[in-house]
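Engineer: One structure follows; several queries about it will come next.
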Amino acid sequence: ELKVEQNPLFLSMQEGKNYTIYCNYSTTSDRLYWYRQDPGKSLESLFVLLSNGAVKQEGRLMASLDTKARLSTLHITAAVHDLSATYFCAVYYGNKLVFGAGTILRVKS
Amino acid sequence: DSGVTQTPKHLITATGQRVTLRCSPRSGDLSVYWYQQSLDQGLQFLIQYYNGEERAKGNILERFSAQQFPDLHSELNLSSLELGDSALYFCASSVGSGSPYEQFFGPGTRLTVL
């Protein structure tokens with residue numbers, strides 16, 4: 001059974017700082033997704049990573065995928081308050097998306 | 001706004017009852033997925049339909065069932081409700097089936113079982 005682990009589960013950052021969220025998974029897959037969820041809201045698709053070495057960037061967020069290491073990272077550059085949310089990675093395996101537990105990000109000014 | 005709609009937004013009911021959650025996918029999307037989000041279980045995939053046919057099944061209880069209609073909207077039926085069924089239920093849609101198609105999530109239905 002596929003396990004998807006995110007760390008940290010909670011991250012408190014200062015504005016302007018950089019940090020990385022890690023997503024490890026237990027079984028080979030080359031399909032990984034990142035989502036953002038604001039409190040009480042739905043999930044917003046951030047990135048779709050479909051091959052080993054894939055790197056995608058949008059604003060202050062950059063995601064990458066290393067399928068050999070079974071690892072994806074979500075890098076935050078120069079954090080701003082608006083990035084405060086819960087971030088989920090999800091791995092596609094066995095005809096379904098398996099989600100990590102989520103990383104709660106709080107950006108403090 | 002993802003273009004996926006779900007009704008109702010909130011539902012409060014009692015144990016033992018039955019409810020139906022409704023989802024309309026984005027225009028042009030043929031796949032519908034149902035997910036359950038709770039504090040103790042996190043986000044879990046329940047079931048997927050593609051153009052009216054069941055395509056994938058996750059951790060869906062036997063008390064739960066779903067279907068996708070010819071107009072592509074989908075309904076999730078939850079019966080013999082228990083306290084533990086209280087959760088946020090999301091519907092998502094995509095143009096194709098499974099990977100690599102991006103899934104777009106609806107606003108969710110918050111179910112409270114008293």
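Engineer: Fully extended, how many nm does the chain gain between B:A14 and B:N51 (0.36 nm per residue separation, minus their Cα-Cα distance)?
Structural biologist: Values: separation 37, 0.36 × 37 = 13.32 nm, distance 3.30 nm.
Residue separation times 0.36 nm, minus the Cα-Cα distance, leaves 10.0 nm.
Engineer: Now, a different point. Calculate, for the protein assembly as shown, the solvent-accessible area per residue in square angstrom, rolling a 1.4 angstrom probe over the heavy atoms of the protein chains.
Structural biologist: Working: 10790 Å² over 223 residues.
Value for the protein assembly as shown: 48 Å² per residue.
Engineer: Which order do the peptides A:27-38, A:75-86, A:1-12 take when ranked by the mean count of other beta-carbon atoms within 10 Å per residue, highest first? Each step should come with its number before you reach the end.
Structural biologist: Working: A:27-38: 19.1, A:75-86: 16.1, A:1-12: 14.2.
Per-residue Cβ counts within 10 Å, averaged per peptide and sorted highest first, yield A:27-38, A:75-86, A:1-12.
Engineer: Place the peptides B:23-29, A:39-45, A:50-56 in order of packing, highest mean first, counting for every residue the other Cβ atoms within 10 Å and averaging per peptide. Mind showing how you got there, number by number?
Structural biologist: Details: B:23-29: 18.0, A:39-45: 15.3, A:50-56: 13.0.
So the order, starting with the most tightly packed, is B:23-29, A:39-45, A:50-56.
Engineer: What chymotrypsin sites (Phe, Trp or Tyr not before Pro) in the range B:1-104 are in a loop by DSSP, with at most 15 other Cβ atoms within 10 Å of the Cβ? Don't skip to the answer; put the middle values down first.
Structural biologist: On the way: sites: B:Y33, B:W34, B:Y35, B:F45, B:Y49, B:Y50, B:F64, B:Y89, B:F90, B:Y101, B:F104; in loops: B:Y101.
Listed in order of number, the matching sites amount to none.
Engineer: Related question: For the protein assembly as shown, rounded, prolate or oblate, judged on the Cα gyration tensor with a ≥ b ≥ c (square roots of eigenvalues), a/c < 1.5 rounded, else prolate if a/b > b/c?
Structural biologist: Values: a/c = 1.88, a/b = 1.49, b/c = 1.26.
In terms of gyration-tensor shape, prolate.
Engineer: In addition: B:N51: net charge of surrounding residues, Cβ under 15 Å, Lys/Arg +1, Asp/Glu -1, itself excluded?
Structural biologist: Residues close to B:N51 contribute a combined charge of -2.
Engineer: Separate question: Answer rounded, prolate or oblate for the range A:61-109, using the Cα gyration tensor with square roots of eigenvalues a ≥ b ≥ c: rounded when a/c is under 1.5, else prolate when a/b is larger than b/c, else oblate.
Structural biologist: It comes out oblate by the Cα gyration axes.
Engineer: Within 10 Å of each Cβ in A:43-52, how many Cβ atoms from other chains are there, averaged over the peptide?
Structural biologist: 3
Engineer: Same structure, new question: Run through the range B:1-95 and list the GluC sites (Glu not before Pro) located in a DSSP loop whose Cβ has at most 16 other Cβ atoms within 10 Å. Don't jump to the answer; show the numbers that get you there.
Structural biologist: On the way: sites: B:E53, B:E54, B:E62, B:E75, B:E82; in loops: B:E62, B:E82.
When the GluC sites (Glu not before Pro) of the range B:1-95 are filtered for loop state and at most 16 Cβ neighbours within 10 Å, B:E62, B:E82 remain.
Engineer: Starting from the Cα gyration tensor of chain A, take the square roots of the eigenvalues, sort them a ≥ b ≥ c, and report rounded, prolate or oblate (rounded when a/c is under 1.5, otherwise prolate if a/b is larger than b/c, else oblate). Please list the in-between numbers first.
Structural biologist: Details: a/c = 1.95, a/b = 1.60, b/c = 1.22.
Prolate, since a/c reaches 1.5 and a/b exceeds b/c.
Engineer: Turning to a different aspect of this structure: How many angstrom lie between the Cα centre of the range A:17-37 and the Cα centre of the range B:65-114?
Structural biologist: First find each Cα centre; the distance between them is then 24 Å.
Engineer: Quick check: pseudo-label points 7 Å beyond the Cα along Cα→Cβ at B:N77 and A:N7, how many nm apart are they?
Structural biologist: With each label point 7 Å from Cα toward Cβ, the separation is 4.5 nm.
Engineer: Using 28 Å as the Cα-Cα cut-off, could you pick out the over-long pairs in A:K108/B:K9; A:K17/A:K96; B:K9/B:K57; A:K41/A:K68?
Structural biologist: Working: A:K108/B:K9 31 Å; A:K17/A:K96 35 Å; B:K9/B:K57 24 Å; A:K41/A:K68 34 Å.
Violating the 28 Å limit, Cα to Cα: A:K108/B:K9; A:K17/A:K96; A:K41/A:K68.
Engineer: Pull up the DSSP beta bridges for chain A and report the antiparallel fraction as a percent, rounded to 5.
Structural biologist: Values: 39 of 44 bridges.
If we restrict to bridges inside chain A, about 90 percent are antiparallel.
Engineer: Between the range B:1-36 and the range A:60-109, what is the separation of their alpha carbon centroids in Å?
Structural biologist: When both Cα centres are located, 25 Å separates them.
The values are calculated or read from the model by the stated rules, or taken from the named source; none is laboratory data. Given the structure is predicted, the values throughout are model-derived calculations rather than measurements. Please note: Cβ atoms are built from the backbone with ideal geometry, for glycine as well, and neighbour counts cover all protein chains shown. Ligands, DNA and RNA are stripped out before the accessible areas are found, and what is left, the full protein with its side chains, is counted by its heavy atoms. Shrake-Rupley method; radii C 1.70, N 1.55, O 1.52, S 1.80 Å.
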